[in-house]
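See below for the structure under consideration.
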Amino acid sequence: MIRRSILPLLLLLTLASLACGFGGTSPADRLESAAATAGSAAATVEGVAGTAAAIAGPTLEAVSATAAAAVPTLQVTIEALITAAPTVGANAQDALATLAAQGVTTIEALNERLAAVTLDANGEFRLTIGEAEWNEALRARQFARTAGGDPPAMQEITFNFTPAGIQLAATVVRPLPGVFSAQVRPYVDGAGAVQIDVEAASFNDVAVPQAILLLAAGTVTETINDVIAGLPGDLVLTAVELSDDGMTLVGRRR
């Protein structure tokens with residue numbers, strides 16, 4: 001009975017560890033995490049197999065040897081993935097460069113506009129980004145991430161701006177596939193960071209799972225924060241103003 005159950009247990013431990021290792025936010029992060037997790041998985045495999053052998057005697061020593069023999073193969077596979085990581089990143093950068101050369105609005109282009117803002121007589125800056133520009137930048141980022149081997153969980157995203165909030169429409173591919181729509185309202189907290197209130201949402205016309213709500217809020221905040229990353233260090237965001245035409249970022253000197 002022990003002989004039949006120990007090898008599936010070892011394999012389960014290894015696979016579970018590797019699955020956890022792929023939870024990063026980018027291909028390079030996930031691959032580096034996988035490498036570290038692979039080492040931990042290898043140690044776990046060897047440790048469990050060794051303990052089992054000590055308890056059950058020579059019969060399980062063969063299982064321990066088999067598990068240990070599999071470790072180098074596992075490490076070689078992860079190392080090959082890490083070697084490929086720079087290529088994945090280069091593919092994404094090449095995609096962005098191609099879009100920029102074609103005059104497509106990208107998050108990086110919006111960064112540059114924000115970096116060039118000047119203060120008015122009241123010591124404030126105001127930068128309006130139109131609805132079409134936001135949506136073009138969203139599509140450009142999705143294209144670049146897909147080209148880099150890291151397609152976003154929420155795709156075909158569209159922002160529709162109104163004075164009351166942003167109407168978000170998207171196709172979700174994970175954690176649950178379906179069509180998602182939401183009414184969200186961004187605001188700036190006391191630290192100058194953008195936060196999101198999800199005021200209404202629907203997912204495949206049923207109750208919205210919490211994971212999808214968090215994904216929607218995260219998509220909006222990520223997009224806005226990626227843009228304001230271009231803000232010079234001596235300036236701080238104080239408000240976001242919505243209209244039918246888009247969003248105006250308002251700020252001042254720290």
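For the stretch 219-231: of the residues being part of a helix (DSSP H, G or I) and open to solvent by 20 Å² or more (accessible area, probe 1.4 Å), which is farthest from VAL173 (Cα to Cα)? Looking at the filtered set, the residue picked out is ILE228. Note on the stretch 179-218: residues that are under 25 Å from GLU136 (Cβ atoms), assigned to a strand (DSSP E or B) and of a type in the set (Gly, Ala, Ser) amount to 3. When each of ALA147, ALA170 is tested for being in contact with a strand residue (DSSP E or B) (Cβ under 6 Å, 6 or more places away or on another chain) and farther than 18 Å from ASN111 by Cβ, the lone residue that passes is ALA170.
For the stretch 120-164, residues that are among the acidic types (Asp, Glu) and in a strand (DSSP E or B) total 2. For the residues LEU242, LEU214, the requirement of being within 18 Å of LEU114 (Cβ to Cβ) and hydrophobic (A, V, I, L, M, F, W, C) singles out LEU242. Residues in the stretch 232-248 that are out of contact with any Ser or Thr (no Cβ under 8 Å at 6 or more places or on another chain), closer than 20 Å to ALA109 by Cα and in a strand (DSSP E or B): LEU235, VAL236, LEU237.
Considered as a group, the residues in the stretch 232-254 that are open to solvent by 30 Å² or more (accessible area, probe 1.4 Å) and among the hydroxyl-bearing types (Ser, Thr, Tyr) include one that is nearest to PRO175 (Cα to Cα), and that residue is SER243. If I filter the stretch 120-140 down to residues being touching a helix residue (DSSP H, G or I) at 6+ places or on another chain (Cβ under 7 Å) and within 18 Å of ALA239 (Cα to Cα), which single residue comes out as surrounded by the fewest Cβ atoms within 10 Å (Cβ to Cβ)? Across the stretch 120-140, the extreme among qualifying residues is LEU127.
Here VAL117 fulfils each of the conditions (1) assigned to a loop (DSSP other than H, G, I, E, B); (2) open to solvent by 50 Å² or more (accessible area, probe 1.4 Å) apart from (2). Does ARG185 fit the bill of being farther than 23 Å from GLU108 by Cβ, among the basic types (Lys, Arg), in contact (Cβ under 8 Å) with a residue 12 or more places away in the chain and touching a strand residue (DSSP E or B) at 6+ places or on another chain (Cβ under 6 Å)? When the stated conditions are applied, ARG185 passes them. The sole residue among ALA211, ALA164, ALA182 that is surrounded by fewer than 15 Cβ atoms within 10 Å (Cβ to Cβ) and modelled with pLDDT of 90 or more is ALA164.
The values are calculated or read from the model by the stated rules, or taken from the named source; none is laboratory data. Values in this document were obtained by computation on a predicted structure and should not be read as measured data. Neighbour counts are summed over all protein chains in view; Cβ atoms, including those assigned to glycine, are modelled from backbone coordinates with ideal geometry. Side chains are part of the model used for accessible areas, which takes the heavy atoms of the whole protein and leaves out ligands, DNA and RNA. Shrake-Rupley method; radii C 1.70, N 1.55, O 1.52, S 1.80 Å.
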